[in-house]
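Remarks on the structure that follows.
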Amino acid sequence: MKPKWISIPSTLSNGEMEILEIIKTRRSIRRFRGEDVSEEDLMKILEAAIWAPSAGNRQPWEFIIVKDKHLKEKIAEAAYNQKWMTTAPVIIVICADEMRSASRYGERGRSLYCIQDTAAATQNILLAAHALNYGACWVGAFDENRVKEILGIPRNVRPVALIPIGRADEHPKPPSRIPLEKLIHRDGY
Ligand SMILES: Cc1cc2nc3c(=O)[nH]c(=O)nc-3n(C[C@H](O)[C@H](O)[C@H](O)COP(=O)(O)O)c2cc1C
């Protein structure tokens, strides 16, 4: 059944196709209008994040909602001066609690599962934001220690992605993709 909050217009009536439409029409947005993201929508977006799969259902994610102008400026600086980030009304900082995964899965949990789990949550955030007609961008280029310092993130917790979200003020063309046929291997690499 189609969740009530998935409201982007789609010419397709089949529920299965709508999610594919959302996946394909999502773009990285790097310019935003001033309009805020309502608390209700923010919670819908984060609710989508926690329904991502995670190894052993450890759910190693934590989310920091940043709206303070000064903090956003400091985070954009820590992201190697990606100043465009400050045009977003909110930046969600996705963190991975390494110990939550490592306590069950050891080194593989610490170095792989908690990163994969939070990446899945990040993609859910991008898709949910798009479904609610917001623009967003996955920002991975930043000084991790600096972001930890700015936001008081504890020792075993890694900030893994920054996601500025807001109403899009640009409509970028889809960047090209490597053709699928060049990427598929059958019955071996
Ligand atoms: C792990 C990761 C890190 C990224 N880091 C940045 C970044 O620091 N700054 C940025 O502007 N875009 C960043 N992006 C967005 C990519 O540039 C973008 O996804 C890619 O060009 C494809 O465009 P699309 O998202 O519109 O399909 C990142 C994406 C991923 C998945």
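Selection of region 47-88 for residues being out of contact with any helix residue (DSSP H, G or I) (no Cβ under 9 Å at 6 or more places or on another chain) and within 12 Å of the ligand (Cβ to nearest atom) yields 80, 81. I'm checking my understanding of the structure. Among residues of region 38-66 that are hydrophobic (A, V, I, L, M, F, W, C) and part of a helix (DSSP H, G or I), which one is most open to solvent (accessible area, probe 1.4 Å)? Here the residue is 43. Applying the condition of being in a helix (DSSP H, G or I) and open to solvent by 50 Å² or more (accessible area, probe 1.4 Å) to region 72-85 and asking which residue is nearest to residue 166 (Cα to Cα) yields 84. Residues that are open to solvent by less than 50 Å² (accessible area, probe 1.4 Å) and within 11 Å of residue 29 (Cα to Cα) within region 150-182 comprise 163, 164, 165, 166, 167, 168, 172, listed in sequence order.
Within region 158-178, residues that are in a loop (DSSP other than H, G, I, E, B) sit with their Cβ atoms under 6 Å from residues that are at pLDDT 95 or above and surrounded by 12 or more Cβ atoms within 10 Å (Cβ to Cβ), at 6+ positions apart or across chains, in these pairs: 167/33; 169/31; 169/32; 169/33; 170/31; 172/27. May I ask you to list the residues in region 107-121 that are more than 8 Å from the ligand (Cβ to nearest atom) and either at positive phi or out of contact with any Asp or Glu (no Cβ under 7 Å at 6 or more places or on another chain) (or both)? Selection gives 107, 108, 109, 111, 112, 113, 115, 116, 117, 118, 120, 121.
Pairs please, first residue from region 50-72 and under 17 Å from residue 39 (Cα atoms) and at pLDDT below 95, second anywhere and open to solvent by 20 Å² or more (accessible area, probe 1.4 Å) and among the hydrophobic types (A, V, I, L, M, F, W, C), Cβ atoms under 6 Å, 6+ apart in sequence or on different chains. So the pair list comes out empty. Hey, among 144, 98, which residue is more than 14 Å from the chain's Cα centre (by Cα), of a type outside the set (Lys, Arg) and over 12 Å from residue 162 (Cβ atoms)? When all the criteria are applied, what remains is 98. Scanning region 89-106 for residues that are within 16 Å of the ligand (Cβ to nearest atom) and either aliphatic (A, V, I, L, M) or in a helix (DSSP H, G or I) (or both) yields 91, 92, 93, 94, 96. Is it the case that region 131-140 has a residue that's touching a strand residue (DSSP E or B) at 6+ places or on another chain (Cβ under 6 Å), surrounded by fewer than 22 Cβ atoms within 10 Å (Cβ to Cβ), among the aromatic types (Phe, Trp, Tyr) and under 24 Å from residue 24 (Cβ atoms)? Within region 131-140, one or more residues are touching a strand residue (DSSP E or B) at 6+ places or on another chain (Cβ under 6 Å), surrounded by fewer than 22 Cβ atoms within 10 Å (Cβ to Cβ), among the aromatic types (Phe, Trp, Tyr) and under 24 Å from residue 24 (Cβ atoms). Scanning region 22-37 for residues that are in a helix (DSSP H, G or I) and surrounded by 18 or more Cβ atoms within 10 Å (Cβ to Cβ) returns no hits. The one condition from (1) touching a Cys at 6+ places or on another chain (Cβ under 7 Å); (2) closer than 20 Å to residue 45 by Cβ that residue 157 does not meet is (2). Evaluate region 147-154: report whether one residue or more is in contact (Cβ under 8 Å) with a residue 40 or more places away in the chain, away from the ligand (no atom under 14 Å from the Cβ) and acidic (Asp, Glu). No - not one qualifying residue is present in region 147-154.
The values are calculated or read from the model by the stated rules, or taken from the named source; none is laboratory data. Only a predicted model underlies this, so the values are computations on that prediction, with no experimental measurement involved. Glycine gets a Cβ as well: all are built from the backbone with ideal geometry, and neighbour counts include every protein chain shown. Heavy atoms of the whole protein, side chains included, go into the accessibility calculation; ligands, DNA and RNA do not. Shrake-Rupley method; radii C 1.70, N 1.55, O 1.52, S 1.80 Å.
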